[in-house]
Structure formats: C-alpha cells, structure tokens
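Here the structure comes first, spelled out in structure tokens, and everything after it is commentary.
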Amino acid sequence: MTTAAMDISSTDTLTAAGTPIRVLLAAGGTGGHVYPAIAIADAVKKMHPSAEILFVGTRDRMEWQTVPKAGYEIRSIWISAFHRRLTPQNLLFPVKLSVSLIQSYSILNSFAPDVVVACGGFASGPIGWVASKMNIPVVLQEQNSYPGVTNRMLAKHAAAIFTAFEQAEEHLPGDKVILSGNPVRKRLSAVSKEESLEMFGFSGSKKVLLVLGGSGGARAINSAMKENLEELHDCLDLQIIWQCGEKYHSELSSELENKDYPNLRLLPYIDNMPAAYGSADLVLTRAGASTCSELMLLGMPAILVPSPNVAGNHQAKNASAMVQAGAAEELREENLSENLSQVIKKRIFDDEALTEMRKAMKSLARPDAAKVIAKEIFTLAGKETQ
C-alpha cells in the first residue's frame, strides 16, 4: 500500500498539455458515494478549469438532484440494487443490468473519457466494467474500511484504488491501493466556537452535544434520544443540536411541543454543518464513511452508533478503526437507550479525554485527499503537468 504524500500546496495548479482532460465519475445511491465524487470533480476543475467532467448515476437516487446543483452534467443508466433476499425487483435485475451495460458503452463511446472514476454505488459497476473492457483507465475511490461489493468486483480492473482506511487494503489488491483519505465537501470550513454558539443561541458556559443520523435521520438514535432527553437536557444541563431527519421531525416535534427544552434545537436537516460542528463538544452519530471523514478533518470527538442495516457491516468496521485510534467510542444499537446518558456524561465533561480524542481524530485526517486523487487522474490520463 502507498500512503499518498500530503505536501501539495493549496496554491498549486496542474495544467494539462494539449487537449483538456475528460473525466467521467460514476457514483450514486447515498451521500457517502456522491459527495466524494463531487469533491474529486471540484479538485480536477481547480487544477485545470477547462477539464470536461461528466457524472453517471441513476434517476431515482440523490445524485440526480445533487450533481446538477454542484454544477455538473449527469447522465443516467437503468441499474438498481440487487437485494440479498428474494424480491420481485430481483427478477428484473438481469434485464436492468443488460440495458445498463449497453447504456454504459454508449455513454463512454460518446464522451470518450481519459479516465473513469468509480466512487461506489450500483451505478459504478456497469460503467467501471465496460470502461475496463474499452481499455479506459479506471480509478476506484473506496470510502469505507470494508469495501463495497461493487468496488471489490471492479478492483482487479482498476489502475489505482484510493482508500480512506488502512483496513480496506485487506480486501483489495495491495499493489494498487493508495491511502489517500476520503474527499470531503469544500463547505466544511472551520467556524469559530464563539460564532457557532451564537448562531444557535447557545451559551459558552455549557457543553454542546451534536446528534446526527445522516441526511434521512436514524430511527434508533432518535428513539434513544427521546428516552434520554430529560436526563441529557435537564440533569446534565447540555445544549443539544439534534438532527432527526425530515421524516421523523413532525412526529418528534409534536411529542415534545408541550415540554420545556429551551436548550434543544430539533432540526430535520442541518444546512450549516460548519456551525454545528463548530459549536459541538461531542458528536453522537452513525459511522458512515462521509461522516467519519468529516469528523477526522475537523477533529471532532465522537460516540459512534454503527447502523446494523448496511452491506458488509461496514459502519461497524469504520467505527472499530476509529475506536482503535482513540478518536471515538462505540455504542451498539441494541444497548443504545440504556447506556446513552452514562456514556455521554463520562465523555463530554472530561476535557482531558476530549482533547486526546480530538488529537487522535485529527491524526486520522487527510485533508488533501481530493487533490491527491485528482493529481493521479492527470497522470493516468497521460496528461503532462506543469
């Protein structure tokens, strides 16, 4: 495994000789796949503004709205997930796969990319496989400590595989693996503690707990928070930012409307994540790859609650890697409600432990991940840099 160098100056730019580089990025399904792909595209465009970028995804997932908002064109293929249990949708899967392979060939043939970047999700599979058969260099970007099935299948065809966790190398061809870290959204710039607290109307004299369940919320975390809210808010006197998810917000708001929680900010979604992170002393969250990378980048101590409902149990493996580094503590979902208040109390008031967790979390960060991947894309494309 190669650990990518991190001494690239923020002012460095790469200029491709001859025609502009053409990069196709395939990613979809969740923010964990889509946001790193957008970060890579942004890095390529920053290095050479005339670079031509195209995304491929599916029409019924988040990339269809998110990618155009980021300023990039996206085209679709028909592929969908293959369920591990017998479902009616699986009967259609062979047809969808066949059509998606034909669509992938058509897109690749018309766009003629120099490099294809597959960032995971089922849209990556057909594009990456067809690109390899067309002798187009394929780069994989794996966000988790346990690679997803698509990237594991594409690994033998890849020219380079960029990972965020050292543990991922155990499941991938080691000679192709570059430990780069996960590309993280540009908007996660630091915001001062004072400014962040002011944005939420909080006092600097009390601790702040930030609760995240992913963009859609997490039922188990919401349930545990509801059961422990009186203890956390009243007894521990915490200020709480609780992102519960759009689909849970109305119900939770109704249940809590007659209760007095002046230091609670119950939100369906957090638009200003820099301020949320900036105000927090401790984060309670799932262990998705993008969230873990954001925690590392910002040095946020965390209590991680891995989702048991993800392929390959990769969130548990992500959490384990961060716990081993001393950057986080793990709480399993089955014991969440009964242990939540006790674990938060033990951590959030121990300033020395929080400081050590921040240091450990920061040591895992690789803030130049997108630049490192973009530079390798130029190299694989055969574009000289200057």
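Some observations on this one:
- Site-free segments of the chain were taken between chymotrypsin sites (Phe, Trp or Tyr not before Pro) in DSSP loops having at most 16 other Cβ atoms within 10 Å, sites themselves excluded; the longest one is 83-268.
- Helix axis angle, 219-230 relative to the chain longest principal axis, alpha carbon, degrees: 20 degrees
- Cα-derived Rg over Rh, computed across segment 311-386 with Rh taken as Kirkwood radius: 1.20
- Fraction of accessible area attributable to carbon and sulfur, segment 255-382 (%, probe 1.4 Å): 44 percent
- Legend: distances between Cα atoms for 206/259; 45/96; 69/317; 345/371; pairs beyond 28 Å are 45/96; 69/317; 345/371.
- The trypsin sites (Lys or Arg not before Pro) of segment 243-278 meeting both criteria, a DSSP state outside H, G, I, E and B (loop) and at most 15 other C-beta atoms within 10 angstrom of the site's C-beta, are 259.
- Axis angle, to the nearest 10 degrees, between helix 314-324 and the longest C-alpha principal axis of the chain: 60 degrees.
- With distances taken between every two different alpha-carbon atoms, the chain has a Kirkwood hydrodynamic radius of 21.7 Å.
- Residue-span extension gain [residue 350 to residue 112] - 0.36 nm each, minus C-alpha spacing: 80.1 nm
- Mean sequence separation of contacting Cα pairs (under 8 Å, at least six apart), scaled by the length of the chain, corresponds to a relative contact order of 18 percent.
- Straight-line cross-link partners of residue 156 among the lysines, defined as a Cα under 17 Å from its Cα and at least 8 positions apart when in the same chain: 133, 176.
- Evaluating 6.51 cos²θ - 1.76 cosθ + 1.60 at θ = phi - 60° for every residue in segment 351-364, the Karplus couplings come out as 4, 5, 5, 4, 4, 5, 5, 4, 4, 5, 5, 4, 5, 8 Hz, glycine and proline recorded as x.
- Multiplying the residue separation of residue 19 and residue 192 by 0.36 nm and removing their Cα-Cα distance gives an extension gain of 58.0 nm.
- Global form of segment 301-342, assessed from the alpha-carbon gyration tensor, a/c cut-off 1.5: oblate
- Given R0 = 51 Å, the distance between the Cβ atoms of residue 205 and residue 149 translates into a calculated FRET efficiency of 0.55.
- Calculated from the alpha-carbon coordinates, segment 205-300 shows an Rg and a Dmax of 12.8, 38 Å respectively.
- Net lengthening on full extension, residue 170/residue 332 (0.36 nm per residue, minus Cα-Cα): 55.9 nm
- Pair-distance profile P(r), taking every C-alpha pair of segment 91-134, with 10 angstrom steps and integer %: 28, 56, 14, 1
- Looking at segment 309-373, the accessible area is 50 square angstrom per residue; that uses a 1.4 Å probe and ignores ligands, DNA and RNA.
The values are calculated or read from the model by the stated rules, or taken from the named source; none is laboratory data. A quick note: this is a predicted structure, and the numbers were derived from the prediction, not measured. Neighbour counts run over all protein chains shown; Cβ positions are idealised from the backbone, glycine included. Calculation scope for accessible area: heavy atoms of the full protein, side chains included, ligands and nucleic acids excluded. Shrake-Rupley method; radii C 1.70, N 1.55, O 1.52, S 1.80 Å.
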